[in-house]
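Written out below as structure tokens is the structure these notes cover.
The values are calculated or read from the model by the stated rules, or taken from the named source; none is laboratory data. Quantities reported herein were computed from a predicted structural model and do not represent experimental measurements. Cβ placement follows ideal geometry from the backbone for every residue including glycine, while neighbour counts extend to all protein chains displayed.
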Amino acid sequence: MPPSGKNCLTCIVRGTDCFCSLPLNALHDLQVIGSHKRFNAGEHLLYEGFNADRVYIVCQGCIKLTASSSEGKVFIIRIAGPGDVIGLASAMQGTTYKIAAEAMEPCEVKVISRSEFLDFMDRFREVNRNAVVSISLDCEAATLSARRLALSSSAAGKLASVLIDWGRMGQTNGILSKELHFRMPLTHEELGSMAGLSRETVTRLLGKFRREGLIKLEGEQMTVREPEKLERLYH
């Protein structure tokens, strides 16, 4: 896809954990460094094991972050969205990417070279703070994934954990509401990758959750009707 004319100064993507929540002078600098690039669904932004010479700020769309084993098994770490930064920890260390990133839908990102980004951090204290927050979110996502795989005692608990984590995305107070409404673009196979389950098991459990009235699924729109009951499956 061709590059766009997206402007960091007028972009409405902001929020508590959004990297782009910066003062105006920092946004001016962010606008002039790097370049915007668009990716079609299925295109890779970066590959695991490649030199971490760039940082990617997500402007639009969902991006799947995965890690693979030596046997070729792929595990979804998390889904990045607008305001997230990809490849930051590896770029700051000057190592190789520990993940791969693939566009799940038409996406747009701001691509900044490692040297430009480090200079950007040196100029603004707020950029350093937001970089720390971004890396902390990655660590938290990895911890949740590890806990789900290691501590959930049942397949139902593992899948419930994925659905609750997804439903919490975008909520600022961390409190589960009576119902959670959100878009679920993942296939059953991708949900299985996040939960450590087979596609067949995910399909069976989603059907069970629907019959029990725990969830409602219409196309990509999912409603978790009783979050507290679903949450108890993995506690």
- prompt: Would you say R54 is of a type outside the set (S, T, N, Q) and more than 18 Å from L118 (Cα to Cα)?
  reply: no
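Test S68 against the criterion of being under 24 Å from V162 (Cβ atoms) and either surrounded by fewer than 14 Cβ atoms within 10 Å (Cβ to Cβ) or modelled with pLDDT under 90 (or both), and give yes or no. Write out each step before concluding.
On the way: under 24 Å from V162 (Cβ atoms): yes; either surrounded by fewer than 14 Cβ atoms within 10 Å (Cβ to Cβ) or modelled with pLDDT under 90 (or both): yes.
Yes, satisfied.
What do you reckon, is S90 under 16 Å from N51 (Cα atoms), in a helix (DSSP H, G or I) and among the polar types (S, T, N, Q)?
Judged against the criteria, S90 is a match.
Those residues that are in a loop (DSSP other than H, G, I, E, B) and buried (at least 19 other Cβ atoms within 10 Å of the Cβ), I need them from region 193-231; list them, please.
At the first step, the residues of region 193-231 found to be in a loop (DSSP other than H, G, I, E, B) are 196-198, 212-214, 219-220, 225-226.
Scanning region 193-231 gives L197, L214.
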task: Kindly check whether there is at least one residue in region 96-103 that is within 15 Å of the chain's Cα centre (by Cα), farther than 20 Å from M194 by Cβ and surrounded by fewer than 20 Cβ atoms within 10 Å (Cβ to Cβ).
output: no
